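Shown next, in structure tokens, is the structure this report addresses.
Just so it is clear, none of the values below were taken in a lab; they were calculated from the coordinates. Note that the structure is a prediction, hence the values are computed from the model and not measured. All Cβ positions, even for glycine, are placed from backbone atoms using ideal geometry, and neighbour counts span all protein chains on display.
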Ligand SMILES: [Fe+2]
Ligand SMILES: [Fe+2]
């Protein structure tokens with residue numbers, strides 16, 4: 001006899017009911033967000049005095065001041081932000097069925113995200129830190145390929161975006177720090193502040209969902225931790241570039257565990273919740289196993305770092 005109790009467990013609320021139940025809290029969190037978010041202008045962050053016409057003086061590889069992994073990380077960061085049309089499609093698909101506050105959030109979030117690619121591209125173009133033709137070709141490839149994230153339901157989608165916004169926050173912030181350019185650092189601090197507020201919004205919506213259906217929410221959280229991938233994973237050469245970014249310490253497994261997974265899991269009190277159903281308890285066991293394996297992988301990775309020629313980010317995080 002096979003035990004089928006864990007095979008398929010439906011949430012207490014379907015997506016429509018969940019969106020409806022959460023709407024008042026989403027309205028409150030939207031207002032909180034609007035009160036905390038500061039208006040900012042990409043053009044104020046760009047050193048236009050460095051600009052020269054490309055028709056008179058084309059880009060050449062000796063021009064960038066950013067080199068090595070700093071350049072790679074900016075490229076990945078911008079191409080990831082460039083893919084906003086796909087993220088908008090996904091976010092609208094998840095939350096667009098909801099009313100009022102949900103739609104307000106979809107619009108607000110998309111508009112805020114749009115600034116990130118603007119400021120990054122303007123910075124990289126004016127400073128000539130990356131070949132603008134390669135960047136534009138990369139953007140074309142990236143957008144034609146698009147991005148998809150198979151979320152079976154709203155709870156999974158919320159869990160993913162909470163982790164993803166925090167991962168992006170840390171990756172941007174560390175990219176700025178690694179660049180050793182105060183202009184780049186200031187831009188990345190600014191973007192990271194936005195990503196943090198996005199994370200806080202999604203984290204707190206899911207915290208409300210945890211009260212409505214703790215077992216389904218825990219299962220969704222665990223599924224998303226176990227399958228987590230950065231949204232830039234489809235960029236050509238991503239695996240090689242992400243490995244360099246990890247060796248540089250901009251975003252490695254330790255950062256992922258200590259600065260992304262654990263703070264959010266602790267905030268949700270995932271390991272302290274009681275009264276979960278059997279499938280959620282099983283999910284929690286798998287999460288604990290996953291974290292233990294992650295510890296081992298971090299150890300192995302850090303042992304191998306000794307032979308890495310890539311300079312690491314300065315220790316203070
Ligand atoms: Fe962003
Ligand atoms: Fe964001």
Checklist entry - Hey, what angle do you get for helix 238-247 against the long axis of the chain, alpha-carbon based, 0 to 90 degrees rounded to 10? => result 80 degrees
Next on the checklist: At 7 Å along Cα-to-Cβ for each site, give me the label-to-label distance between residue 150 and residue 41 in nm.
Outcome noted: 4.6 nm
Item to check | Cα long-axis angle, helix 154-179 against the chain (0 to 90 degrees, to the nearest 10) | outcome: 30 degrees
Item to check | Estimated FRET transfer efficiency (residue 180, residue 10; beta-carbon r; R0 45 Å; 0.05) | outcome: 0.30
Checklist entry - Stretched out fully, how many nm does the piece from residue 282 to residue 294 gain, at 0.36 nm a residue minus the Cα gap? => result 2.5 nm
Item to check | 222 nm mean residue ellipticity, helices alone, for the chain (DSSP H n ≥ 4; -39,500 (n - 2.57); rounded to 500) | outcome: -22000 deg cm²/dmol
Next on the checklist: I need the P(r) histogram for the stretch 8-94: all alpha carbon pairs, bin width 10 Å from 0 out to the longest distance, whole percents.
Outcome noted: 11, 21, 30, 18, 12, 8, 1
Checklist entry - R0 = 25 Å: FRET efficiency of residue 143 with residue 118, Cβ-based, nearest 0.05? => result 0.95
Checklist outcome for this item: In Å³ per residue, the alpha-carbon convex hull of the chain encloses 148 Å³
Checklist entry - For the residue pair residue 133 and residue 23, what label-to-label distance in nm results when each label sits 7 Å from Cα along the Cα-to-beta-carbon direction? => result 5.3 nm
Next on the checklist: Once you keep just the Cα pairs under 8 angstrom separated by 6 or more residues, what percentage relative contact order results for the stretch 160-254?
Outcome noted: 33 percent
